[in-house]
Structures are given as C-alpha cells and as structure tokens.
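To keep things clear, I will list the structure first and then write my remarks on it.
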Amino acid sequence: MFGYSMAEIGNVFVMQGFSGLSLFSVLLLMALGLAIIFGQMGVINMAHGEFMIIGAYATVMLSKFAVKYDFVNYYFPFAMIVAFGLAFAVGYLVEFVLIRHLYKRPLDTLLATWGLSLVMQQIFRSAFGAKEVSAELPEWMLGSFKPTPDIDIPINGVFVMGLTALITAGVFLFMFRSRWGLRVRATVQNRVMAGAVGINTKKVDRITFALGCGITGVAGAAFTTIGSTGPTSGSLYIVDSFMVVVFGGAASLLGTISSAFGIAQAQSILQFFMTSSMGKVTTLLTIVIILMMRPEGLFASKIRK
Amino acid sequence: MLEIENMQVSYGQSKVIQGVSFKAEKNETLAIMGRNGMGKTTLFKALMGILPSKADKAMIDSESIQGDESHQRVAKGIAYVPQGRMIFPAMTVEENIETGLEKSGDRVIPDDIYALFPVLFDMKKRKGGNLSGGQQQQLAIARALVTNPKVLLLDEPTEGIQPSIIKDIAKVLNEIRKMREITIIVSEQVLSFTMEIADRIIVIERGNFIHEDKRDDVDAAKIKKYLSV
C-alpha cells in the first residue's frame with residue numbers, strides 16, 4: 001500500500017495517531033474554554049486565542065525567570081497557576097468593561113471581541129516584540145519514549161495529554177457536580193428565570209466568562225511545551241476551536257471532546273497520506289456535510305422544544 | 001405580607017399598570033383576575049423585578065423591595081411561578097428544584113417537597129423539558145417553594161393544563177398555605193379554580209383594579225361578566 005510495508009504502515013499509524021492525540025489535546029484545551037464561553041454563554045469571543053497567548057507569555061516569562069534563579073525543573077506547575085490567574089483576571093475585567101453590555105446583541109460581541117483581539121495582539125507586540133519566543137523546557141519534559149526502535153513518542157506530548165485529561169475532568173466536575181455549575185447552566189438556559197429563582201446572574205456571567213478565559217490561559221501554558229509563542233499565535237487556533245465547539249454541538253461538553261478527537265485524528269492521519277492542505281480540506285468537507293445533516297452538531301441534547 | 005402602593009409599569013411611553021395599590025396578608029390567598037392583555041403578567045413581572053416599575057411603597061413585611069433585582073427579591077421572600085412554567089428544559093427534575101436552593105443554602109431537596117409532588121420524585125432523573133405540561137407546572141411550583149418564600153406569585157397556573165390536574169394544583173396550593181401560612185397571589189381567568197383557593201378576588205382591567213370581593217361575597221355572574229370578552 002502506497003509503497004510501504006505492513007510493519008511500516010503500522011508504525012506510521014501509531015506515530016501519526018499519537019501526533020493526532022497531541023493535536024487533540026491542544027484543540028480540546030483551546031475548545032474547553034470556548035465551550036464554556038461560546039457554547040454555554042453564547043458569547044462569540046474572537047479574542048479567545050489572545051487569552052491563550054496571555055497564558056503562554058506568562059509561562060515563557062516565568063521560565064526565563066526560572067533559568068535565572070535555577071529552578072527550571074519545577075517552574076511549570078507555578079506557570080500554570082500564574083497563567084490561569086492572569087487570564088482569569090483579564091477575562092474578569094473584559095467582562096466587566098465590555099461583554100456584559102452586549103449579552104443581548106450577540107453579533108456585536110463578534111465585532112467587539114475581534115477589535116479586542118487586535119488591541120491585545122498589538123499590546124503583546126509592543127511588550128514582548130514581534131519575534132516568536134519559546135519557554136525553557138524542564139529537562140524531564142525533553143526526549144521521547146521508544147517502545148520499539150521505530151516508534152518515537154515525545155514526552156512533552158504525553159505531558160500535554162495528561163494535563164488535558166485532568167483539566168477536562170475538572171471542567172466536567174465543575175459544570176455537572178458543583179453548585180456553580182448548576183448556576184451557570186440555569187443562567188444559560190433562561191437568564192430571567194434564573195434570576196427569579198434567586199441566582200445572581202450578573203455575578204454568574206462574570207465568573208463564568210473569567211473561568212473560560214482562565215482555562216484558556218492554562219491551555220496557553222501547555223501550548224508552550226510544543227510550540228513557540230508570538231503575538232499572533234493565538235489567531236491560528238481560533239478557527240479550529242470554533243470548529244470543534246460548533247461541530248460537537250454548542251451546548252454539549254461531551255460533543256466538544258468527541259469532535260476535538262475526530263478532527264485532530266482525521267487531520268493528523270490524512271496529512272501523512274495527502275498533502276497538509278488536502279488533509280485539512282477533506283476534514284472540513286466532511287464536517288460541512290455532517291453539519292448539513294445534523295445542524296445542531298454531533299451531540300445535541302434531546303428535549304422537547 | 002406584601003404591601004404595594006401606587007405601582008406603575010410602563011413599556012416606553014405606554015403605561016400598562018396605572019398605579020395600583022393592594023395589601024396581601026400572611027396566610028391569605030389573593031386572586032387577581034382579568035382577561036388577556038389587562039396587565040396581569042406585567043404586574044407579576046414588575047413585582048418580581050423583571051420589569052422596572054415605580055411605586056410609592058413596595059414592602060415585604062417591613063423590608064422594602066423597591067428597585068431590587070430579582071435575586072434580591074427572592075432573598076427577601078418572594079417566589080415566582082411564571083406563565084408558561086419556564087422550567088430549565090435541559091436540566092433534570094432534581095437539578096431544576098436545586099436551582100431554588102440558592103437562598104436556603106441547603107444541598108439536598110427537603111422531603112416535604114416530594115411529599116407534595118410525588119410525581120416529581122418518580123421523575124427525578126428525567127430532563128425537565130420532557131415532562132408534560134401539568135408535571136412542569138408542579139416542578140415550577142416546587143422550584144419556587146424551596147426558596148422558602150413569604151409570598152408566592154403564580155401567574156396563570158392553569159393555562160394549558162388538563163382539568164383533572166387543575167384540581168390537583170388547587171389542592172396542592174391549599175395544602176401549601178395550610179402548611180406554611182404564606183401569602184399566595186395568583187393571576188387567573190378560570191373562576192372555578194379561583195373559587196377553590198382564593199380568599200379575596202381582585203379584578204384588573206386596563207391596568208386598574210376595578211372590583212374587589214371577599215370570596216364569600218363573590219357575585220359569580222358579575223365577575224364572569226368582567227372576564228367575558
């Protein structure tokens with residue numbers, strides 16, 4: 001087949017499958033925050049990628065600091081906390097200044113957040129320069145596993161996957177097992193009625209938006225382990241993240257996970273056998289066709305309307 | 001006890017509630033009756049803080065609710081069962097009721113709620129949106145009750161519900177008043193239902209209260225005339 005032996009094909013599948021899993025992790029991390037902000041709250045946040053870059057820059061800065069004071073092997077957990085905190089704080093502020101005035105005008109949020117993304121990109125450019133920067137990776141994150149001589153599994157990829165699994169589980173617990181999750185879901189389904197059963201919906205909106213941004217900040221921290229960070233890196237991922245959330249069914253977290261998995265694997269494996277852009281085109285076409293048949297996405301919940 | 005003096009509600013230039021005043025005592029059920037478009041729902045939404053309103057006085061017991069947002073009014077003791085139920089369709093029955101626990105801070109739903117509405121216990125894990133109209137109405141009442149209200153507002157609770165369930169709802173409302181001794185204010189068009197639960201009946205027309213009667217003195221023919229088109 002294609003001039004490869006069966007064993008080679010097997011190895012290719014394992015390695016491309018794994019690189020698909022890494023892509024899946026990044027897509028899912030990006031999409032999780034968006035699944036909350038867009039999928040649950042209905043805010044079209046075009047500046048989502050820039051919140052990720054906040055987390056990424058925070059991590060890069062902290063890694064430089066870690067090199068200077070010699071704690072490179074331990075800085076990463078701190079970096080994630082700082083990334084979360086910073087993105088959360090900026091998200092909180094943006095909600096207060098901008099988004100809360102636009103809940104009743106979803107299309108205006110599109111413009112407003114797009115403007116915001118441009119402003120943020122320029123701030124990054126002025127503060128950190130136009131050149132891409134990379135974090136100093138801790139030693140334990142370098143190198144790769146070699147289960148057989150022909151298969152290479154990079155450790156940073158495994159790390160990002162583990163992190164993704166953890167954060168996904170956390171978001172699930174938060175949304176479906178906690179009091180806050182209940183408030184968020186009630187507010188999303190019927191804002192007026194949520195207020196009339198005693199929920200402070202304005203506070204819920206603010207915290208929910210900030211939390212979505214915070215999760216994206218952590219995604220940015222994870223992102224530094226597999227790619228370099230520039231002022232516009234975030235915008236590369238924004239289309240993919242929206243695609244994941246829409247394809248999965250806007251209000252469904254499970255849908256977001258499966259669609260991230262499907263899109264990442266399809267892209268990764270197809271790209272090996274075709275050119276990179278043909279792989280993307282094929283995936284996109286498939287998504288378009290499926291969305292034509294199921295306009296509400298893969299996992300629309302079944303209730304009487 | 002709920003006390004309202006000279007309440008006005010407007011949609012832009014047009015005044016829909018023209019300065020109404022009323023008082024509803026503890027352990028009293030008050031029915032506000034009127035045809036469609038006479039301002040019942042508007043009045044209720046204003047009482048709940050969903051629509052902005054002006055009033056000389058708006059008090060629950062001795063606390064003013066003037067200018068409060070909905071959730072603050074809930075905290076002071078108003079609960080609301082809106083027209084059309086407005087339950088959260090994508091949440092389970094249990095979760096729907098739990099949204100009302102915000103005020104009490106409880107984690108579990110009190111047993112007496114399921115004692116009042118056994119059908120909700122059986123359907124605990126179902127999605128609210130998949131319940132029948134009557135079941136959704138019971139769910140909406142349960143959700144309002146767990147906030148431990150002093151004043152319970154029900155906006156047309158019988159609308160679109162089959163007659164046998166309407167009887168059940170009347171029974172439940174009487175039971176709730178007996179158990180909790182709260183104020184219940186209900187808006188209605190169905191006189192037979194109102195006669196089963198209300199102590200006092202007020203007729204609303206074009207945003208004004210035009211007639212008031214104790215239940216025992218009600219002239220059914222007269223009220224029916226007000227309600228007929």
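The values are calculated or read from the model by the stated rules, or taken from the named source; none is laboratory data. Because the structure is predicted, anything quoted here is derived from the model rather than measured. So basically every Cβ, Gly included, is an ideal-geometry build from the backbone, and we count neighbours across all protein chains shown. Remember, those area values only see protein heavy atoms, side chains included, never the ligands or the DNA or RNA. Shrake-Rupley method; radii C 1.70, N 1.55, O 1.52, S 1.80 Å.
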Notebook entry, point to check: What residue, among those in the stretch B:84-104 that are open to solvent by less than 40 Å² (accessible area, probe 1.4 Å) and of a type in the set (Ser, Thr, Tyr), is nearest to the other protein chains (Cβ to nearest Cβ)?
Noted result: B:Thr99
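Name every residue in the stretch A:129-143 that is of a type in the set (Gly, Ala, Ser) and modelled with pLDDT of 80 or more, in order of residue number.
Restricting attention to the stretch A:129-143, the residues satisfying the condition of being of a type in the set (Gly, Ala, Ser) are A:129-130, A:134-135, A:143.
A:Gly129, A:Ala130, A:Ser134, A:Ala135 - these are the residues of the stretch A:129-143 that are of a type in the set (Gly, Ala, Ser) and modelled with pLDDT of 80 or more.
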Note to self: Condition first: within 14 Å of chain B (Cβ to nearest Cβ) and not in a helix (DSSP H, G or I). Now tell me which residues in the stretch A:250-275 satisfy that.
What the structure shows: A:Ala250, A:Ala251, A:Ser252
Note to self: Among the residues that make up the stretch A:259-271, is at least one of them open to solvent by 50 Å² or more (accessible area, probe 1.4 Å) and over 19 Å from the mean Cα position of the chain (by Cα)?
What the structure shows: yes
Next item on the list: Could you look through the stretch B:117-135, keep only residues that are open to solvent by less than 30 Å² (accessible area, probe 1.4 Å) and under 17 Å from the mean Cα position of the chain (by Cα), and pick out the one that is nearest to the other protein chains (Cβ to nearest Cβ)?
Entry: B:Gly133
Notebook entry, point to check: When the stretch B:84-104 is examined, which residues are found to be of a type outside the set (Gly, Ala, Ser) and not in a loop (DSSP other than H, G, I, E, B)?
Noted result: B:Thr92, B:Val93, B:Glu94, B:Glu95, B:Asn96, B:Ile97, B:Glu98, B:Thr99, B:Leu101, B:Glu102
Checklist line | Selected residue [open to solvent by less than 30 Å² (accessible area, probe 1.4 Å), among the aliphatic types (A, V, I, L, M) and either outside any loop (DSSP other than H, G, I, E, B) or in contact with a Cys (Cβ under 7 Å, 6 or more places away or on another chain) (or both)] from A:Val119, A:Val94, A:Val90, A:Val82 | finding: A:Val94
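I'd like to know if the stretch A:242-249 contains one or more residues that are out of contact with any strand residue (DSSP E or B) (no Cβ under 8 Å at 6 or more places or on another chain), within 13 Å of chain B (Cβ to nearest Cβ) and at pLDDT below 90.
Just the residues of the stretch A:242-249 that are out of contact with any strand residue (DSSP E or B) (no Cβ under 8 Å at 6 or more places or on another chain), to begin with: A:242-249.
Imposing the further condition that a residue be within 13 Å of chain B (Cβ to nearest Cβ) reduces the set to A:249.
Subsequent filtering for residues that are at pLDDT below 90 retains A:249.
Yes, because at least one residue in the stretch A:242-249 is out of contact with any strand residue (DSSP E or B) (no Cβ under 8 Å at 6 or more places or on another chain), within 13 Å of chain B (Cβ to nearest Cβ) and at pLDDT below 90.
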Next item on the list: Could you tell me which of the residues B:Val186, B:Val172 is surrounded by fewer than 20 Cβ atoms within 10 Å (Cβ to Cβ), touching a residue at least 40 places away in the same chain (Cβ under 8 Å) and among the hydrophobic types (A, V, I, L, M, F, W, C)?
Entry: B:Val172
Next item on the list: List the number of the failed condition for A:Val43; all other conditions in (1) open to solvent by 30 Å² or more (accessible area, probe 1.4 Å); (2) in contact (Cβ under 8 Å) with a residue 40 or more places away in the chain; (3) hydrophobic (A, V, I, L, M, F, W, C); (4) in a loop (DSSP other than H, G, I, E, B) hold.
Entry: (1)
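Taking the condition of being assigned to a loop (DSSP other than H, G, I, E, B) and either crowded, with 22+ Cβ neighbours inside 10 Å or more than 10 Å from chain A (Cβ to nearest Cβ) (or both), how many residues in the stretch B:52-83 meet it? Full working, then the answer.
Restricting attention to the stretch B:52-83, the residues satisfying the condition of being assigned to a loop (DSSP other than H, G, I, E, B) are B:52-53, B:55-56, B:61-62, B:65-69, B:77, B:82-83.
Going one step further and asking which of them are either crowded, with 22+ Cβ neighbours inside 10 Å or more than 10 Å from chain A (Cβ to nearest Cβ) (or both), we end up with B:52-53, B:55-56, B:61-62, B:65-68, B:77, B:82-83.
Adding up the residues that qualify gives 13.
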Margin query: So, in the stretch B:107-117, exactly how many residues are without any contact (Cβ under 8 Å) to a residue 40 or more places away in the chain and assigned to a loop (DSSP other than H, G, I, E, B)?
Written below: 4
Checklist line | Number of positions in the stretch A:164-205 that are within 14 Å of chain B (Cβ to nearest Cβ), open to solvent by 30 Å² or more (accessible area, probe 1.4 Å) and in a helix (DSSP H, G or I) | finding: 11
Item checked: Sole exception among (1) outside any loop (DSSP other than H, G, I, E, B); (2) surrounded by fewer than 21 Cβ atoms within 10 Å (Cβ to Cβ); (3) modelled with pLDDT under 90 for A:Pro147, by number -> (1)
Checklist line | When residues of the stretch B:105-116 are limited to those that are within 21 Å of the chain's Cα centre (by Cα) and open to solvent by 50 Å² or more (accessible area, probe 1.4 Å), the one nearest to the other protein chains (Cβ to nearest Cβ) | finding: B:Asp112
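How many residues are aromatic (Phe, Trp, Tyr) and surrounded by fewer than 22 Cβ atoms within 10 Å (Cβ to Cβ) if we restrict to the stretch A:1-40?
In the first step, residues of the stretch A:1-40 are kept if they are aromatic (Phe, Trp, Tyr); the result is A:2, A:4, A:13, A:18, A:24, A:38.
Checking the rest, the ones that are also surrounded by fewer than 22 Cβ atoms within 10 Å (Cβ to Cβ) come to A:2, A:4, A:13, A:18.
So the answer is 4.
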